[in-house]
1. Taking residue 101 and the conditions (1) buried (at least 19 other Cβ atoms within 10 Å of the Cβ); (2) under 25 Å from residue 175 (Cα atoms); (3) within 13 Å of the chain's Cα centre (by Cα), which numbered condition does it fall short on, given that it satisfies the others?
2. Please determine whether any residue of segment 40-51 is modelled with pLDDT of 95 or more, in contact with a strand residue (DSSP E or B) (Cβ under 6 Å, 6 or more places away or on another chain) and under 13 Å from residue 108 (Cβ atoms).
3. Pick from segment 66-86 the residues that are β-branched (Val, Ile, Thr) and without any contact (Cβ under 8 Å) to a residue 24 or more places away in the chain: which of them is nearest to residue 3 (Cα to Cα)?
4. Can you say whether residue 126 is open to solvent by less than 50 Å² (accessible area, probe 1.4 Å) and either without any contact (Cβ under 8 Å) to a residue 12 or more places away in the chain or of a type in the set (Ser, Thr, Tyr) (or both), as far as the supplied structure shows?
5. When the residues of segment 1-50 are filtered to those that are acidic (Asp, Glu) and closer than 23 Å to residue 93 by Cα, which remaining residue is surrounded by the fewest Cβ atoms within 10 Å (Cβ to Cβ)?
6. Identify, from the list 106, 139, the residue that is over 18 Å from the mean Cα position of the chain (by Cα) and not β-branched (Val, Ile, Thr).
7. So residue 174 clears everything in (1) open to solvent by less than 50 Å² (accessible area, probe 1.4 Å); (2) within 30 Å of residue 44 (Cβ to Cβ); (3) more than 19 Å from the chain's Cα centre (by Cα); (4) not hydrophobic (A, V, I, L, M, F, W, C) except one condition, right? Which one?
8. So in segment 74-98, with the set limited to residues that are open to solvent by less than 50 Å² (accessible area, probe 1.4 Å) and in a strand (DSSP E or B), which one is farthest from residue 8 (Cα to Cα)?
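The values are calculated or read from the model by the stated rules, or taken from the named source; none is laboratory data. Keep in mind that what you see is a predicted model, and the values were worked out from it rather than measured. Every residue, glycine as well, gets a Cβ built from its backbone with ideal geometry; the counts of neighbours run over all protein chains shown. In case anyone asks, the SASA skips ligands and DNA or RNA and just uses the protein heavy atoms, side chains included. Shrake-Rupley method; radii C 1.70, N 1.55, O 1.52, S 1.80 Å.
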Amino acid sequence: MSKEIEIKFRVENLRRLASKLRAAGFRQETPRTHEMNTLYDLPGEVLRKRKELLRLRKYGSQWKLTHKSKRETGRHSSREELETSVGDGRNMEAILRALGYVPSFRYEKFRAEWTDGKGQVVVDETPIGNFCEIKGTPRWIDATAKKLGVSREYYVTKNYAALFGDWKRETKSRAKEMTFRAVKRRTK
């Protein structure tokens, strides 16, 4: 089991962020790629109540199943994470449903991945705005944020489900999921 440590921050200008990443010595690992995520839970929100997450992700043509637990939030978000590649996402979805899991939340984004060889920076274009995630050791995260001109007061430690809930309250949107189609349809 590995520990994922990260922060997010809002991004106003994607081109300016890409320039700052290059200037800081980052190279793009993965170009802008579509990503669809489905969170699964048992009836009665068993996983959510335990502050756990079970996610099936399709990133480009690749599928991954992820379990996250033991969330700790301070200046950084930290969770235990187990992740594995899945050869056939549709069959994995059928297995989860056969075991009693049901989709609890869907969200999509376009993601580009960057690295400097020590940690990872991902740039997410979502239906509710653009975000950047910095993942690595706490010291490296803070140093990278500083290189990108992001002070600690702008760190976001919420996950996308929580950010979507905040966005819905602020905009009074009736969208049920954080997909481009649902957000566009429910905000008109």
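1. (3)
2. no
3. Within segment 66-86, the match that is nearest to residue 3 (Cα to Cα) is 66.
4. yes
5. Applying the first criterion (acidic (Asp, Glu)) to segment 1-50 yields 4, 6, 12, 29, 35, 41, 45.
Right, trim to closer than 23 Å to residue 93 by Cα and you get 35, 41, 45.
Values: 35: 18, 41: 20, 45: 10.
Among residues in segment 1-50 that are acidic (Asp, Glu) and closer than 23 Å to residue 93 by Cα, the one surrounded by the fewest Cβ atoms within 10 Å (Cβ to Cβ) is 45.
6. Working: 106 fails: over 18 Å from the mean Cα position of the chain (by Cα).
Of the residues listed, the single one that is over 18 Å from the mean Cα position of the chain (by Cα) and not β-branched (Val, Ile, Thr) is 139.
7. (1)
8. Looking at residues that are open to solvent by less than 50 Å² (accessible area, probe 1.4 Å) and in a strand (DSSP E or B), I get 86.
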